[in-house]
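**Q** I have a structure I would like to understand better, so I am pasting it below and will then ask my questions one at a time.
The values are calculated or read from the model by the stated rules, or taken from the named source; none is laboratory data. Everything numeric in this text was worked out from a predicted model, so none of it was measured. When we count neighbours, we look across all protein chains shown, and the Cβ atoms used for this are built from the backbone with ideal geometry, even at glycine. Side chains are part of the model used for accessible areas, which takes the heavy atoms of the whole protein and leaves out ligands, DNA and RNA. Shrake-Rupley method; radii C 1.70, N 1.55, O 1.52, S 1.80 Å.
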Amino acid sequence: MTTPGGSPLHRERLWPTPGVWLGCSLVAAALGLTVLAVVSWPVAATVSLLAVVATVAALAATSPVVEVRAGELRAGRAHVPAEALGRVRVLDRDRMDALRGRDADMRAYLCQRGWLPRGVVVEITDPDDPVPYWLISSRKPERLAAALVRADDEPSGS
């Protein structure tokens with residue numbers, strides 16, 4: 001049995017890819033160029049640097065954690081006990097895209113990032129929960145799915 005303070009069965013932070021970090025930082029740095037026409041270059045450089053720092057901080061702060069621990073799934077700020085979970089399916093790029101778009105259910109809980117092409121869909125079986133499923137991005141969806149199956153087999157940490 002996993003205790004609340006014990007090791008998680010699965011844990012990952014959905015960090016942006018290097019391309020996202022670079023692209024966002026370059027756009028933020030370009031802010032300094034926009035003010036260069038009206039201020040000196042040291043002020044413009046300072047504006048650029050502050051914009052890059054703010055962008056990096058925002059990307060880091062908004063990167064959710066996905067964790068399976070103590071008989072519970074956490075994805076971002078939301079959590080659900082493992083006993084309320086039904087079928088878990090690993091999704092390839094095409095199926096993930098479909099559930100993000102044309103096949104989406106607006107009642108679903110989404111913890112997904114566009115830069116992560118794969119993930120899992122987890123059915124919610126609690127009849128009192130209006131959410132039919134959770135769609136979760138993951139760099140290691142097979143490991144996440146296996147952890148969810150193991151979490152359902154162990155007693156809750158509460």
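**Q** Output the 0 to 90 degree angle, nearest 10, between the alpha-carbon long axis of helix 18-35 and the longest principal axis computed from the alpha carbons of the chain.
**A** 30
**Q** Measuring with a 1.4 Å probe in the full set of protein chains, what accessible area per residue, in whole Å², belongs to the range 40-122? Show your work: numbers first, answer last.
**A** Values: 4520 Å² over 83 residues.
That works out to 54 Å² per residue.
**Q** Using a simple charge model, +1 on the beta-carbon of Lys and Arg, -1 on the beta-carbon of Asp and Glu, nothing else, what dipole does the range 60-125 show about its Cα centre, in debye to the nearest 20?
**A** Working: 12 positive and 9 negative charges, 33 e Å.
The calculated dipole for the range 60-125 is roughly 160 debye.
**Q** Based solely on its DSSP helices, what 222 nm [θ] is calculated for the chain when runs of n ≥ 4 H residues each add -39,500 (n - 2.57) and the sum is averaged over all residues, nearest 500 deg cm²/dmol? Don't jump to the answer; show the numbers that get you there.
**A** Working: 4 runs with 60 residues, N = 158.
Calculated from helices alone, the mean residue ellipticity at 222 nm is -12500 deg cm²/dmol.
**Q** Additional query: Measure nothing but the geometry: give the 0 to 90° angle between the long axis through the Cα atoms of 141-153 and the longest principal axis through the Cα atoms of the chain, rounded to 10°.
**A** 40
**Q** Let me ask you something else. Per the 1.4 Å probe, what fraction of the accessible area of the range 15-158, in percent, lies on carbon and sulfur atoms?
**A** Here carbon and sulfur together make up 62 percent of the probe-accessible area.
**Q** Once label points are set 7 Å from the Cα along Cα→Cβ at both Val20 and Asp97, what is their separation, rounded to one decimal in nm?
**A** Reported label-point gap for Val20 and Asp97 is 1.8 nm.
**Q** So if I place +1 on the C-beta of Lys and Arg and -1 on the C-beta of Asp and Glu, and nothing else carries charge, what would the dipole magnitude of the chain be about its Cα centre? I want it in debye, nearest 20. Don't skip to the answer; put the middle values down first.
**A** On the way: 18 positive and 17 negative charges, 123 e Å.
Its charge dipole is roughly 600 debye.
**Q** Quick check: residue separation of Ala29 and Ala45 times 0.36 nm, minus the Cα distance between them. What number comes out in nm? Walk me through the numbers before you get to the answer.
**A** Numbers: separation 16, 0.36 × 16 = 5.76 nm, distance 0.84 nm.
Net length gain for the segment: 4.9 nm.
**Q** Provide the percentage of antiparallel DSSP beta bridges, counting only those with both residues in the range 1-136; round to the nearest 5.
**A** 90
**Q** Do any trypsin sites (Lys or Arg not before Pro) in the range 72-104 lie in a loop, going by DSSP, with at most 10 other beta-carbon atoms within 10 Å of their beta carbon, and if so which?
**A** On the way: sites: Arg74, Arg77, Arg87, Arg89, Arg93, Arg95, Arg100, Arg102; in loops: Arg77, Arg102.
Hits after loop and neighbour filter: Arg77, Arg102.
**Q** Which percent, to the nearest 5, of DSSP beta bridges fully inside the range 84-135 are antiparallel?
**A** In the range 84-135, approximately 80 percent of DSSP beta bridges are antiparallel ones.
**Q** DSSP loop chymotrypsin sites (Phe, Trp or Tyr not before Pro) in the range 54-147 with at most 16 other Cβ atoms within 10 Å of their Cβ, which ones?
**A** Details: sites: Tyr109, Trp115, Tyr133, Trp134; in loops: Trp115.
Loop-located and lightly packed - Trp115.
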